[in-house]
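S.K.: Following this message is one structure expressed as structure tokens.
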Amino acid sequence: MKLFLDTANLEEIREINRWGVLGGVTTNPSLVAKEAEDPDRVWKEILAEVDGPISLETTEPEAGPMYDQGVRLSQMAPNAVVKVPMSPDGLTAGKRLVADGIRINVTLVFSPAQAILAAEVGAYIVSPFLGRLDDVAADGMDVLRKICDIYEVQGYETNVLAASLRHPMHIVESALAGADIATMPYDVFAKLVKHPLTDIGLEKFQADWTTLQDELKGEA
Ligand code: E4P
């Protein structure tokens, strides 16, 4: 399972990219708005920074302008993936983009039925939002499992991207469910690497090593 960052913040992207595990980035209009900068500049910097698929989201509500915007976004760099919403206009625009050979990510997916539609238009990625389902007392992980099962049974090639993830167990459970990609905010990514026993172990190894160095110095 590939690990993506869900952010438009370049510093966060650079930090995780340094670890050598960053497979790509997802952005959305809210995340880009948080940066309070020219969106084109923000997207271009991210596209240049990461060697992997970068999702850039359309904001036009109607199919025609959404398609035109999608074409423009796809031309920013070869690793650009165009996000379209799960809606009749999103599907219409998405289908045209796919026909042009442009990779699309169908976003705001909350049910297995919607995920079937995304696969049928030939999406490169489908993005079920787990955390937002959990927020309304639904079972986001159950929806993800069903989507993965349906895609397996039907032989759909669309990549399942588990989105709106809120904590490390969301990532572990998404991997077990068979998701192709998990996207998460920086703070969740940072939690993946942490374990108190790792910190305690590291501290002890370093202390013992320093003791040895001091003893050797004493003998010299
Ligand atoms: C995915 O592509 C979305 O940007 C994202 O995961 C939304 O997550 P949120 O519910 O934390 O806003």
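The values are calculated or read from the model by the stated rules, or taken from the named source; none is laboratory data. Nothing here was measured: the structure is a model prediction, and the numbers come from that model. All Cβ positions, even for glycine, are placed from backbone atoms using ideal geometry, and neighbour counts span all protein chains on display. To get the accessible areas, we keep the full protein, side chains included, count just its heavy atoms, and leave off ligands, DNA and RNA. Shrake-Rupley method; radii C 1.70, N 1.55, O 1.52, S 1.80 Å.
S.K.: So for the pair Glu157, Ala36, with labels modelled 7 Å out along Cα→Cβ, what separation do we get in nm?
M.R.: 4.5 nm
S.K.: Something else now. Considering the zone a paramagnetic label at Ala77 would reach in this model (a point 7 Å from Cα along the Cα-to-Cβ line), which residues of region 4-44 have amide N under 13 Å from it?
M.R.: 8-11, 13-14, 17, 23-27, 40-44
S.K.: Relative contact order (percent) for the chain, with alpha-carbon contacts under 8 angstrom and 6 or more residues of separation?
M.R.: 17 percent
S.K.: Taking a 28 Å limit on the Cα-Cα distance, which of the listed pairs Lys2/Lys191; Lys83/Lys194; Lys95/Lys146; Lys95/Lys191 fall beyond it?
M.R.: Violating the 28 Å limit, Cα to Cα: Lys83/Lys194; Lys95/Lys191.
S.K.: Starting from the alpha-carbon convex hull of region 167-220, give the projected area averaged over all orientations, in nm².
M.R.: In nm², the orientation-averaged hull projection of region 167-220 is 5.5.
S.K.: Further, regarding this structure: Separation of region 102-119 and region 197-213 by C-alpha centroid, Å?
M.R.: One Cα centre to the other: 49 Å.
S.K.: Accessible area per residue, 1.4 Å probe, Å², for the chain: what's the number?
M.R.: On a per-residue basis, 52 Å².
S.K.: Take the solvent-accessible surface of the protein heavy atoms, probe 1.4 Å, and return the percent of it on the chain that carbon and sulfur atoms account for.
M.R.: 55 percent
S.K.: Continuing with the same structure: Among all the aspartates and glutamates, which ones have a C-alpha under 20 Å from Lys204's C-alpha, if same-chain residues fewer than 8 places away are not counted?
M.R.: Asp214, Glu215
S.K.: What percent do you get for the relative contact order of region 65-111 when only Cα pairs under 8 Å and 6+ apart count?
M.R.: It rounds to 39 percent for region 65-111.
S.K.: On to the next question. So what's region 103-220 giving for Cα Rg divided by 2.2 N^0.38 Å, two decimals?
M.R.: 1.61
S.K.: Helix 63-74: angle to the longest alpha-carbon principal axis of the chain, degrees 0 to 90, nearest 10?
M.R.: 40 degrees
S.K.: Okay, which of region 162-194 sit inside 14 Å, backbone N to the point 7 Å along the Cα-Cβ direction of Glu15?
M.R.: Output list for this probe position: 185-194.
S.K.: For the chain, modelled as a GNM with alpha-carbon contacts under 10 angstrom, which of Gln154, Gln206, Gln69 fluctuates the most?
M.R.: So, out of Gln154, Gln206, Gln69, the one fluctuating most is Gln206.
S.K.: Then there is this: Could I have the simple spin-label model distance between Asp135 and Asp68, label points 7 Å from Cα toward Cβ, reported in nm to one decimal?
M.R.: Going from the Asp135 label point to the Asp68 one covers 3.2 nm.
S.K.: Measure out, as a whole number of angstrom, how far apart the alpha-carbon centroids of region 38-99 and region 141-158 sit.
M.R.: 24 Å
S.K.: Magnitude of the Cβ-charge dipole of region 32-184, K/R +1 and D/E -1, about the Cα centre, nearest 20 debye?
M.R.: Dipole of region 32-184, to the nearest 20 debye: 120 debye.
S.K.: Can you give me the distance in nm between label points at Asp214 and Asp149, each placed 7 Å from the Cα along the Cα-to-Cβ direction?
M.R.: Taking the simple label geometry, Asp214 and Asp149 are separated by 6.0 nm.
S.K.: For the chain, state what percent of all Cα-Cα pairs lands in each successive 5 Å bin, counting from 0 Å until the bin that includes the largest distance.
M.R.: 1, 7, 14, 17, 18, 14, 10, 5, 3, 3, 3, 2, 2, 1, 1, 0
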